[in-house]
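Trainee: Quick one: the structure is below, questions incoming.
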Amino acid sequence: MTPLKTEILIAGPAASGAALVLSAPISFWGGVDPFTGDIIDARHPDRGRNITGKILALPGTIGSSSASAVLLELVRNGLAPAAIILHEPDAILLLGLIVAHEMGWRTPIALKLDRELQKGLAEQVTISADGLIAA
Amino acid sequence: MTSLTRHESATAAGADGAAMAMRIVAESARLLGAPRLICVQSAHIDGALYHGDAGTLFAEELVRLGAKVAIRATLNVGALDLMGCSKSHLSGARRDMAKRLMLAYEAMGCEKSWTCAPYQAGHRPALGSDVAWGESNAVAFCNSVLGARTNRYGDYLDIACAITGRAPDCGLHRAENRLATVIVDVSGLPAALFGSDWIWPVLGTLYGREIGTSIGIVSGVTGPVSEDKLKAFGAAAASSGGVGLFHIAGVTPEAPDVVTATGGRLATRITVTPAMVHAAQAGLSTIHGAASIDAVAIGSPHLSLEELESVGSLLASRPARVPIYACTGRHVVREADRTGLRKALEKLNVIVVADTCVVVTPILPDINGVLMTNSGKFAHYAPGNTGYDVVYGSLSDCIESAIAGRPVITNAALRP
């Protein structure tokens, strides 16, 4: 497929890995375990999957003001996704990456991609540092 | 694209704590689509509650880089009762990190208020002023009851705004985004209902669930509504629906009437029926017909002095069979210590919890028990955070239940 051009929300290194395209919006606070990277929200259809090292595509996020804290802990614990793809920017969640970057920790790239296009992502995905997604 | 002033750009280019804070505010503004930053007059900071070590390391890094708050900044609850009124079971390294986190925020010049009701501890920004507040109930009260303007500033952005005195210019800072688009009509409910304390968390829960993050106005409320009732309504609405600003016609300052609060624009109307109230009230309890209770928890948001005093008068010297956890701020504890109220309450099996509360840190005994509460917010969060089932009731029913050791529900409207 032709590479998809996306908008970079937070700059970061090129990444490649298995895509994990969530089938429903998620709240990181109470939804993702900061000490394992597991999806723990009992009502989430992807419960039990692990986001660590994945190209994580989120069709939506549910705002808790502590989502940033969970993402910051994940980064510090070396359990963050390799890249985060969002349908729309979530300033609270991405604040976790902004702060992690300020702390000098290695942070994943974050991109904006429509949730309909997220569904077309291949099982293995490569993302360049300038935001191009290739299968 | 966010444009910064020369001063803001120069600050962000530095290498100190203020520079780090300015970059965090500016990056957030960019993601939020804010065209510029605005000056804020005060902050209320939720970031000192321990979620994990990274938060502590961030706060300590700011301290190391010499960051100080530039504006008045009160602190929300932490994970520990630094006043020593109650005991958290948090232990070992986690307790140390939670303590270090609280001390780091104090070191940046934040006020040691340690309360989720700063607006009852003397922090009351003026009508129309811009501020940067965190903690959902405090945000709702600040916007709605005080008429000051804030978005929901969560972990990390709150302290960054306090250090820089700046916030992204967007959302509820802008007058046009504060107009109601939904009318929640409660005129069909019995007028006497609005005088009782238990209705406000129920209405707040119902309101939050119906309108989510939209701005609404409640119309049809009769009689004066106390600040403690508005506090309970806002906390419940914020936890069930993410409400950051509500209006009540004839009660809150930006809503002298419906036309003013909606800006004269067409609004969706939701008519609240008694059946909807009954359903919302029943939904606050996770267990019905419990034979006994293990504890009572009150004070989310933190109890005012008046509320703590009413616990005393409702107990009327009768000891509680199960403990009553009364969560409040040190501004109330100081007063209650001066008058001897705390000692008197403790003799009757009341455990005063200061600086924190029972759903954010492990204070309750570690059992899968039954908790009775008059707080919509506790009812919402206690099952997930503590493992306790919840029975919801009025304050007087909570106290009678604590004395009896089993649920005592006297209000007919509260019976399922």
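Trainee: Give me, ordered by chain and number, the residues 5 or more places off A:Ala57 or on other chains with an amide H under 5 Å from its own placed amide H.
Mentor: Residues meeting the amide H criterion: A:Leu20, A:Val21, A:Leu22, A:Ile85.
Trainee: Longer than 21 Å from Cα to Cα, which of B:Lys99/B:Lys377; B:Lys112/B:Lys377; B:Lys87/B:Lys112; B:Lys112/B:Lys343; A:Lys54/A:Lys112; B:Lys99/B:Lys231 are they? Say none if no pair is.
Mentor: With Cα atoms farther than 21 Å apart: B:Lys99/B:Lys377; B:Lys112/B:Lys377; B:Lys112/B:Lys343; B:Lys99/B:Lys231.
Trainee: Please turn the phi angles of the range B:294-303 into ³J(HN,Hα) values with the Karplus equation 6.51 cos²θ - 1.76 cosθ + 1.60 (θ = phi - 60°), one per residue in order, whole Hz, x for glycine and proline.
Mentor: Coupling constants for the range B:294-303: 9, 6, 10, 10, 10, x, 10, x, 2, 5 Hz.
Trainee: Ignoring everything except DSSP H segments at least 4 long, calculate the 222 nm mean residue ellipticity for chain B; use -39,500 (n - 2.57) per segment, divide by total residues, nearest 500.
Mentor: Value at 222 nm, helices only: -11000 deg cm²/dmol.
Trainee: Sticking with this structure for a sec: How much accessible surface does B:Lys99 have with a 1.4 Å probe, in Å² rounded to 10?
Mentor: 90
Trainee: Expressed as a rounded percentage, what relative contact order does chain B have, with Cα pairs under 8 Å and six or more residues apart?
Mentor: Result for chain B is 17 percent.
Trainee: Name every cysteine in the protein assembly as shown that ends up alone, with no second cysteine's Cβ under 4.7 Å, or say none.
Mentor: B:Cys39, B:Cys85, B:Cys110, B:Cys116, B:Cys142, B:Cys161, B:Cys170, B:Cys398, each lacking another Cys Cβ under 4.7 Å.
Trainee: Using DSSP to call loops (not H, G, I, E or B), can you name the trypsin sites (Lys or Arg not before Pro) in the range A:36-135 whose Cβ has at most 10 other Cβ atoms within 10 angstrom?
Mentor: A:Arg43
Trainee: Now for a different question. Among B:Tyr153, B:Leu305, B:Leu103, pick out the residue whose Cα is farthest towards the positive end of the charge dipole of chain B, where Lys and Arg carry +1 and Asp and Glu carry -1 on C-beta, about the Cα centre.
Mentor: Looking along the dipole axis, the top candidate is B:Leu103.
Trainee: If you don't mind, there's one more thing I want to ask. Given the whole protein assembly as supplied and a 1.4 Å probe, what does the accessible area of B:Cys39 come to in Å², nearest 10?
Mentor: 80
Trainee: With only Lys, Arg, Asp and Glu charged, each at its Cβ (+1 for the first two, -1 for the last two), find how big the charge dipole of the protein assembly as shown is about the Cα centre; round to the nearest 20 debye.
Mentor: Dipole of the protein assembly as shown, to the nearest 20 debye: 220 debye.
Trainee: For chain A, what's the relative contact order in percent, using C-alpha pairs closer than 8 Å and at least 6 residues apart?
Mentor: The value is 36 percent.
The values are calculated or read from the model by the stated rules, or taken from the named source; none is laboratory data. Because the structure is a prediction, the values reported are computed rather than measured. Cβ atoms come from the backbone with ideal geometry, glycine included; neighbour counts cover every protein chain shown. Keep in mind that these areas ignore ligands, DNA and RNA; they rest on the heavy atoms of the full protein, side chains included. Shrake-Rupley method; radii C 1.70, N 1.55, O 1.52, S 1.80 Å.
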